[in-house]
1. What size of dipole, in debye to the nearest 20, comes out for the chain about its Cα centre when the only charges are +1 on Lys and Arg C-beta atoms and -1 on Asp and Glu C-beta atoms?
2. Using r as the Cβ-Cβ distance of E120 and T14, and R0 as 45 Å, what FRET efficiency do you calculate, to the nearest 0.05?
3. With labels modelled as points extended 7 Å from the Cα through the Cβ direction, what inter-label distance (nm, one decimal) is found for K241 paired with Y98?
4. With point charges of +1 on the Cβ of Lys and Arg and -1 on the Cβ of Asp and Glu, referenced to the Cα centre of the stretch 69-225, which listed residue (L187, V224, Y210) lies farthest in the positive direction of the dipole?
5. Mind giving me the nanometre distance, one decimal, between the label points for N219 and D197, set 7 Å out from Cα along Cα→Cβ?
6. Using only alpha-carbon positions, what ratio does the radius of gyration of the stretch 33-72 give when scaled by 2.2 N^0.38 Å?
7. If you place +1 on the Cβ of every Lys and Arg and -1 on the Cβ of every Asp and Glu, how big does the dipole about the Cα centre of the stretch 1-86 come out, in debye to the nearest 20?
8. Under a GNM of the chain (C-alpha, springs under 10 Å), which listed residue has the highest mean-square fluctuation: K168, K281, K56?
Amino acid sequence: MIKNPHSKLYRAMTELQARHKLVLTGTPIENSLVDLWSQITFVTEGLLGSLNFFKKRFVKTIEKKKNKEQEERLKQLINPFILRRTKEEVAKELPPVYEQYRFCNMTDAQRRIYEEEKSEVRNVLLENLEEIGMERSTLMVLKALTRLRQISNHPSMVMDDYEEGSGKYDEVFRNIESVVSEGHKVLVFSSFVKHLDLYARQLDDIGWKYARLTGATTNRAGEVAKFQENAECRIFLISLKAGGVGLNLTAADYVFILDPWWNPAAEMQALNRAHRIGQDKNVFVYRFISNHTVEEKIQRLQVRKSELARTFVASNNPLRDMKKEEILELFN
């Protein structure tokens, strides 16, 4: 809870007087190496120097320049203060988890809208990158990527008058029906509440019971209990941000992740809602990707970043250290 060194919470915590201090976290680095500085500095103040010093010495050289020597130096500094235990070491009795990618073809109408949007965005981006540079264009890039991701899911998320179908939506719902008909329970995660709304409406239409958790949910415990304890409630629609932590959903043995994002840690947290102590069934995780879209490219970036995450070096925003050519490649 103290990863942001500029937060009031972090400043308040550093004023606590204690003989021994301990930090407990499942994701020591979620956004950038600065997360690590905050936690180590709380435990042993001064080890990593001031925040400005740390940014110059380690953040820039490791995250941007990929300097292996500095990466090793940082690991040597922090290793005596870290006890890392993986789930496999702590809960050896857990059943296996199986992960698959499900690649979905877009419908013709969806593909046409996606290609039109991508071409328009790319032209505007080229102008902006030339005129104001990469750093000042970041917000625009993220906004454009978000819009393309939404169209990859279902164009109705960005177009109120869209009445055609979505390849991914049809594939996901077909899998939901299959899982439920076989007596299983499934967690359905999306980054977009609008996306979950589409499934909720269809589930309402066919009269299937489901639980739902987003940032707007007031009775989290009630929704969790409904899913865990009611045999007829086999589907849990969850927004990735609201459902990433603090949930024990071992009644589920299927996890559907509907839209990939940069940080593999966020998806692992979703997976871990079902694959945790108390789970006695094999867990199956499906990640749904729309073919020939920005989602495929995000998925490839995730693979490249997973290795860094395992050595405590990761970034939630790869735009920070991507070149102009790499940015434009996302929109090709």
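Computed from the coordinates by the stated procedures, all read-outs in this text should not be read as laboratory data. Just so we're clear, the structure is a prediction, and the values are computed from it rather than from any experiment. As a convention, Cβ positions derive from the backbone with ideal geometry for all residues, glycine included, and neighbour counts pool all protein chains shown.
1. Details: 51 positive and 46 negative charges, 354 e Å.
Using only the charged Cβ atoms, the result is roughly 1700 debye.
2. Working: r = 48 Å, r/R0 = 1.06.
So the FRET efficiency works out to roughly 0.40.
3. 3.4
4. About the Cα centre, the residue reaching furthest to the positive side is V224.
5. 2.3
6. On the way: Rg = 9.9 Å, N = 40, 2.2 N^0.38 = 8.9 Å.
Ratio of Cα Rg to 2.2 N^0.38 Å: 1.11.
7. On the way: 17 positive and 8 negative charges, 39 e Å.
Computed charge dipole of the stretch 1-86: roughly 180 debye.
8. So, out of K168, K281, K56, the one fluctuating most is K56.
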